[in-house]
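The values are calculated or read from the model by the stated rules, or taken from the named source; none is laboratory data. No experiment lies behind these values; they were computed from the predicted model shown. Note: ideal-geometry Cβ built from the backbone for every residue, glycine included; neighbour counts use all protein chains shown. Side chains are part of the model used for accessible areas, which takes the heavy atoms of the whole protein and leaves out ligands, DNA and RNA. Shrake-Rupley method; radii C 1.70, N 1.55, O 1.52, S 1.80 Å.
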Amino acid sequence: MLSKSKSVALLTAVAVSIITTSFLSLVDGVPFIGLLVVFFLSLSSTYILTYFTVDVFIFGQIEKINARINKLKAEDFSFIEEDNKPIKGNPLMRINREILTYAQTKQREIDQLKKAENFRREFIADISHELKTPIFAAQGFVHTLLDGAVKDKNVRNKFLKKAAKSLDGLDRIVQDLLTISQVETGVVKMEMEDFNINLLIQEVYDQFEGKAEKKDIALSFMEGCPKDCYVFADRHKIFQVVLNLVSNSIKYSKDKRSFVKANLVEHEKNIEIILKDNGIGISEKHIHRIFERFYRIDKSRSREKGGTGLGLSIVKHILEAHNSQINVTSKQNDGSEFSFKLQKGHT
Ligand code: ADP
């Protein structure tokens, strides 16, 4: 059986050659053989031209459209990779390209949904694991007390203190999670104001004074650091950012001669805040993951120091809400430097 394009081409070719030859036969003196040549020439050339046009530009494209629609129905987006050529004038080609664009958008949506689903699954697994640890610990102490240990005053106090410590840890995790979700969902609006960032850093240092002294850690400003720099941001949230960063520098410091130094760099529109320490540092393997929720390089060290694994994730979210970002450079055993920019404020 002839294909559709071949039948159309043949019919058109026969019609065109009959018309051409008939017109030519009206001219006097054209020999029969000449008419025959013209008939076959126009038949073959019209056939080839029509076949090519119909097959490639019409039926070919319609076939493609059909195949793509069928693939779309089956949620098969494999054809997206097939062609990326610029759109030409042919309307059928344009429809084809429209289908491709539609499929690309759908593919992106599906990818995003899959990513979100994976993230949700991982997050639930992480959160259950993180909550389980302090709950099990507190549960263990309380049950041991109920099983009789409560009668011994020494053991009672020790176990109650341990249970309270576990519950405090649980409270910290829940508070941190609440902060992240509030910043992420935009429930808490940023309360922007002009304030002195030097003073804010000093306030954070004052909060850690006792802890730092105990561990012999010097909290200071870098030599030559500009004084009285004003930024325009949410003071309370930025306090939380600096608090988390300084707290980490203290938690992950080395045993001797440790320091945390703050520096401020004035740019045209921003103030860059830099916090540098000479602590244990972060290896290349881990550095790109430390802002993920619950990601900790040394889980036991972090927990022992009261870490929830959410501090840097909070920092990242707060800065994103300020249209800023946190940067880090670090080397294992050689300290770390965290920095971020805030919009310049007015005095
Ligand atoms: P955590 O509650 O465990 O401190 P964070 O989100 O604040 O959680 O930090 C994630 C991980 O990044 C930490 O567990 C630690 O391993 C690493 N880290 C963060 N800050 C520092 C730092 N200044 N020096 C070395 N390691 C750090």
Any pair with Cβ under 6 angstrom, 6 or more apart, that starts in the stretch 318-347 at a residue that is away from the ligand (no atom under 16 Å from the Cβ) and ends at one that is assigned to a helix (DSSP H, G or I) = A321/V183
Show the residue pairs that are 6+ apart or on different chains and have beta-carbon atoms under 6 Å apart, the first residue being within the stretch 74-85 and at pLDDT 65 or above, the second being small (G, A, S).
-> F77/A103; I80/A103
Checked the stretch 288-331 for anything surrounded by 17 or more Cβ atoms within 10 Å (Cβ to Cβ), of a type in the set (D, E, K, R) and more than 24 Å from E191 (Cα to Cα); matches are R293, R296
Can you tell which of V183, V150, V155, V142 is more than 39 Å from the chain's Cα centre (by Cα), open to solvent by less than 50 Å² (accessible area, probe 1.4 Å) and of a type outside the set (D, E)?
-> V155
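State yes or no: is Q240 closer than 21 Å to V204 by Cβ, open to solvent by 20 Å² or more (accessible area, probe 1.4 Å) and more than 12 Å from the ligand (Cβ to nearest atom)?
On the way: closer than 21 Å to V204 by Cβ: yes; open to solvent by 20 Å² or more (accessible area, probe 1.4 Å): yes; more than 12 Å from the ligand (Cβ to nearest atom): no.
Taking the combined requirement at face value, the residue does not satisfy it.
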Quick count over the stretch 297-314, residues being modelled with pLDDT of 90 or more and more than 16 Å from V174 (Cα to Cα), is 1
Out of curiosity, is R235 within 30 Å of L342 (Cβ to Cβ), within 29 Å of the chain's Cα centre (by Cα), among the basic types (K, R) and within 16 Å of the ligand (Cβ to nearest atom)?
-> no
The lone condition F52 fails out of (1) open to solvent by less than 70 Å² (accessible area, probe 1.4 Å); (2) among the aromatic types (F, W, Y); (3) under 56 Å from the mean Cα position of the chain (by Cα) is (1)
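So if I check each of I326, I271, which one is out of contact with any helix residue (DSSP H, G or I) (no Cβ under 6 Å at 6 or more places or on another chain) and modelled with pLDDT of 95 or more?
Working: I326 fails: out of contact with any helix residue (DSSP H, G or I) (no Cβ under 6 Å at 6 or more places or on another chain).
Criteria check complete, one pass: I271.
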Unique residue being part of a helix (DSSP H, G or I) and surrounded by 18 or more Cβ atoms within 10 Å (Cβ to Cβ) when the list is D176, D206 | D176
Every pair of residues 6+ apart whose Cβ atoms lie under 9 Å, when the first sits in the stretch 33-49 and is under 11 Å from L10 (Cα atoms) while the second is among the charged types (D, E, K, R) and open to solvent by less than 100 Å² (accessible area, probe 1.4 Å) | Y47/K6
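Might you let me know whether the stretch 256-273 holds any residue that is of a type outside the set (V, I, T), within 9 Å of the ligand (Cβ to nearest atom) and open to solvent by less than 70 Å² (accessible area, probe 1.4 Å)?
Filtering the stretch 256-273 down to residues of a type outside the set (V, I, T) leaves 256-259, 261-264, 266-270, 272.
Going one step further and asking which of them are within 9 Å of the ligand (Cβ to nearest atom), we end up with none.
Within the stretch 256-273, none of the residues are of a type outside the set (V, I, T), within 9 Å of the ligand (Cβ to nearest atom) and open to solvent by less than 70 Å² (accessible area, probe 1.4 Å).
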Search the stretch 214-241 for residues that are on the phi > 0 side of the Ramachandran plot and of a type outside the set (F, W, Y) and pair each with any residue that is modelled with pLDDT of 95 or more and assigned to a helix (DSSP H, G or I) when their beta-carbon atoms are under 6 Å apart and the residues are at least 6 apart or on different chains.
-> D228/N198
Of all residues in the stretch 128-166, how many are within 16 Å of Y295 (Cα to Cα) and at pLDDT below 90?
-> 3
Yes or no: K285 touching a residue at least 40 places away in the same chain (Cβ under 8 Å), closer than 30 Å to I124 by Cβ and open to solvent by 50 Å² or more (accessible area, probe 1.4 Å)?
-> no
